[in-house]
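Could you have a look at this structure, given as structure tokens, before my questions?
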Amino acid sequence: MKVETGEPTTKRGLSRKVKILAGCATMFAIVSGAGGAYLLTQSPAHAVETVEAGPPAIPVPMPVELVASAAQLQASDYQIVSIFRNEAIVATRDNLVRLKIGSSAPGIGTVTAIQAGDNGGGAIVGTDATLKSL
């Protein structure tokens with residue numbers, strides 16, 4: 001004998017998507033646990049050897065060799081490469097030089113001001129000379 005209540009019947013149990021997600025989560029937990037167990041079984045001496053075999057420490061500030069020019073530079077030997085905020089990069093025939101306010105450069109003297117202009121141009125004002133870029 002069948003009893004009908006008038007309510008729609010629904011399937012009981014989990015949907016297929018939920019079962020797949022649960023299976024994936026279980027596999028992830030198993031693989032993560034196995035990987036963790038493997039890492040825990042590694043000897044600590046191995047990790048210490050790796051640290052000791054690293055690169056040598058670099059002293060801060062790094063020592064830099066001074067570059068001596070063959071001839072004394074003049075202001076006309078410099079070309080402004082870029083000016084950004086209070087810093088400037090200038091080029092000579094052989095070198096790139098970074099200048100900040102207070103820096104000293106042969107032919108320019110001590111930099112007293114760096115003025116950024118339109119379209120990347122500007123001026124570097126020194127005690128001995130002023131460099132301008134248009």
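Which residue is surrounded by the most Cβ atoms within 10 Å (Cβ to Cβ), if the candidates are limited to region 84-94 and must be within 25 Å of the chain's Cα centre (by Cα) and at pLDDT 90 or above?
Ala88
If I filter region 95-114 down to residues being open to solvent by 70 Å² or more (accessible area, probe 1.4 Å) and touching a residue at least 12 places away in the same chain (Cβ under 8 Å), which single residue comes out as nearest to Gln79 (Cα to Cα)?
Leu96
For residues in region 22-76 being under 30 Å from Ala129 (Cα atoms), surrounded by fewer than 10 Cβ atoms within 10 Å (Cβ to Cβ) and polar (S, T, N, Q), which is modelled with the highest pLDDT?
Selected residue: Ser76.
The values are calculated or read from the model by the stated rules, or taken from the named source; none is laboratory data. Computed from a predicted model, the values in this text were never measured in an experiment. Glycine also receives a Cβ, built like all others from the backbone with ideal geometry; neighbour counts cover every protein chain displayed. Ligands, DNA and RNA are stripped out before the accessible areas are found, and what is left, the full protein with its side chains, is counted by its heavy atoms. Shrake-Rupley method; radii C 1.70, N 1.55, O 1.52, S 1.80 Å.
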